[in-house]
1. Measure off 7 Å from each Cα along the Cα-to-Cβ vector at residue 169 and residue 134, then give the distance between these two points in nanometres to one decimal.
2. How much area per residue is accessible in the chain when the probe is 1.4 Å and only protein heavy atoms are counted (Å²)?
3. Rank-order 68-75, 125-132 by packing density, defined as the average count of other C-beta atoms within 10 Å over each peptide's residues, highest first.
4. When the accessible area of the stretch 42-192 is computed with all protein chains present and a 1.4 Å probe, what percentage of it is carbon and sulfur?
5. Projecting each Cα onto the charge dipole of the chain (Lys/Arg +1, Asp/Glu -1 at the beta carbon, about the Cα centre), which of 174, 22, 69 comes out farthest on the positive side?
6. Might you report the magnitude of the Cβ-based charge dipole of the chain about its Cα centre, with Lys and Arg at +1 and Asp and Glu at -1, to the nearest 20 debye?
7. Using only Cα atoms, what Kirkwood radius does the chain have, in angstroms?
8. Which percent, nearest 5, of DSSP beta bridges in the chain are antiparallel?
Amino acid sequence: MKVKINHEFHYEVEHLIKTFVNKVEFVDIDEELKNTITEYDDCVKVEATFNDLVFNEVCSKNKREVKRANSRVIYDLLSKVTGKENHYGTLVGVRPVKLVHEMLDLQMDDNTISTNLYEKHRISKKKRDLLLEIGKREAPFLSDIYDESLVSLYICIPFCPTRCLYCSFPSNDMRKKGRLVGIYLECLHREID
């Protein structure tokens, strides 16, 4: 798909579009999809256009909100054009359960969290329920993360049942590389010792 944009969010746009089509090419002319961000005095307008189909949204100037609004208009446009919906909606390159933790920290109830996950990210009901379940299961283990006397250690387990479209982690599909799990764990144990 040939895409023309006027902003800095190339990574997000490219990876989101790749959840709908195989190839993305950024161009200056002859685009199929045009994505613009226009700043006004007190707000920002994001817009995505494909032929005569236009999706737009107005949001605050907060960079995070602009990125999210831009992802939503592209997602909504491409869902309409292709007839596809992605279970993880607009998310690319993030841990989606982190969003749930942020909302749990704000004492939001399940219904509000689920609504926010859909309205801000277009995440499917099935995945919203799964993210809530995981977030609540992890919460007791994360309660002390703000204690400055503690150190966090991230250990990558680069194997998943499937490769999620949003994922940017170095990860392998178990169906293809599952035979390497035992070897990987042996090496990990040696490294930790």
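1. 0.7
2. Working: 12600 Å² over 193 residues.
Per-residue value: 65 Å².
3. 68-75, 125-132
4. Details: 5370 of 9860 Å².
In the stretch 42-192, the share of accessible area belonging to carbon and sulfur is 54 percent.
5. Result: 174, furthest along the dipole toward the positive end.
6. 880
7. Hydrodynamic radius (Kirkwood, Cα pairs) of the chain is 18.9 Å.
8. Working: 14 of 21 bridges.
Antiparallel bridges make up about 65 percent of those DSSP assigns within the chain.
The values are calculated or read from the model by the stated rules, or taken from the named source; none is laboratory data. What you see is a predicted model, and the numbers here were worked out from it, not measured in a lab. Every residue, glycine as well, gets a Cβ built from its backbone with ideal geometry; the counts of neighbours run over all protein chains shown. Keep in mind that these areas ignore ligands, DNA and RNA; they rest on the heavy atoms of the full protein, side chains included. Shrake-Rupley method; radii C 1.70, N 1.55, O 1.52, S 1.80 Å.
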